[in-house]
């Protein structure tokens with residue numbers, strides 16, 4: 001069964017505690033937290049103080065996605081703030097293997113994110129070290145964008161790579177995920193659906209999460 005990770009970026013920031021409680025009471029598996037620095041992506045979201053407060057309000061796994069330059073400078077701080085899983089961008093790392101080992105040494109699950117124009121084949125030499133690969137299905141920086149169709153081929157290619165090596169690496173999809181395209185995304189090989197606007201802007205977020213989780 002697919003894992004669902006609502007993205008807090010699309011929530012009502014004036015009601016963060018209530019939004020967290022709603023997620024706690026839902027069938028969501030993780031809570032996805034997007035950190036943007038205004039350098040790696042053309043937007044600024046939230047950082048360590050907000051995540052530390054969210055950690056006190058949620059019972060879900062905190063899946064922190066760093067869309068920032070030099071993520072190695074802050075890995076230990078995000079661990080202290082409450083991150084359970086830390087995802088960094090291949091495009092932001094000069095020494096990716098070292099960065100992944102750092103995250104694991106801090107006791108977090110380690111993931112690598114890929115922008116839409118980055119081939120999954122570039123992970124060939126490090127795939128065995130990853131707990132998660134996050135495929136961006138929109139250009140990073142802003143919520144509410146439409147799913148990029150070529151993502152389906154990237155998912156299928158990555159699924160073959162994982163299968164051929166007998167690995168348990170999870171494939172996470174972030175961007176433009178809806179109740180309409182969830183089923184083909186899952187059929188292509190995805191394990192985790194990140195959904196922001198689809199969940200938080202729906203009339204019944206918990207029902208939407210249920211629909212995503214049981215898409216088939």
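Just so you know, all these numbers are worked out from the coordinates, no wet-lab data involved. Since the structure is predicted, the reported quantities are computational estimates derived from the model, not experimental observations. No Cβ is skipped: glycine too gets one built from the backbone with ideal geometry, and neighbour counts run over all protein chains shown.
Before moving on, here are some points about what is shown:
- Most mobile of 117, 57, 182 in a GNM of the chain (Cα contacts under 10 Å): 117
- The Kirkwood hydrodynamic radius of segment 55-155, based on inverse pair distances between different Cα atoms, is 14.2 Å.
- Antiparallel DSSP beta bridges within segment 1-70, as percent of all bridges there, nearest 5: 10
- Residue with peak Gaussian network fluctuation, the chain [Cα springs, cutoff 10 Å], from 84, 37, 204: 204
- Highest mobility in the GNM of the chain, judged by mean-square fluctuation with C-alpha springs under 10 Å and restricted to 184, 205, 71, is found for 184.
- Kirkwood hydrodynamic radius computed over segment 138-192 comes to 11.8 Å, based on all pairs of distinct alpha carbons.
- A Stokes-Einstein calculation at 10 °C with viscosity 1.306 mPa s, built on the Kirkwood radius of segment 1-98 over Cα pairs, returns a diffusion coefficient of 114 µm²/s.
- Size descriptors for segment 4-61: radius of gyration and Dmax over Cα atoms are 11.5, 35 Å.
- Considering only the chain, percent of DSSP beta bridges that pair antiparallel, nearest 5: 5
- Computed packing ranks the peptides 164-170, 88-94, 3-9 as 3-9, 88-94, 164-170, most packed first, by mean other Cβ atoms within 10 Å.
- Span from the segment 35-84 Cα centroid across to the segment 135-166 one, whole angstrom: 22
- The chain: relative contact order as a whole-number percent, Cα under 8 Å and 6+ apart: 23
- Computed from the Kirkwood radius of its Cα pairs, the Stokes-Einstein diffusion coefficient for segment 3-213 at 37 °C and 0.692 mPa s stands at 194 µm²/s.
- Fraction of antiparallel bridges per DSSP, segment 1-128 only, in percent to nearest 5: 5
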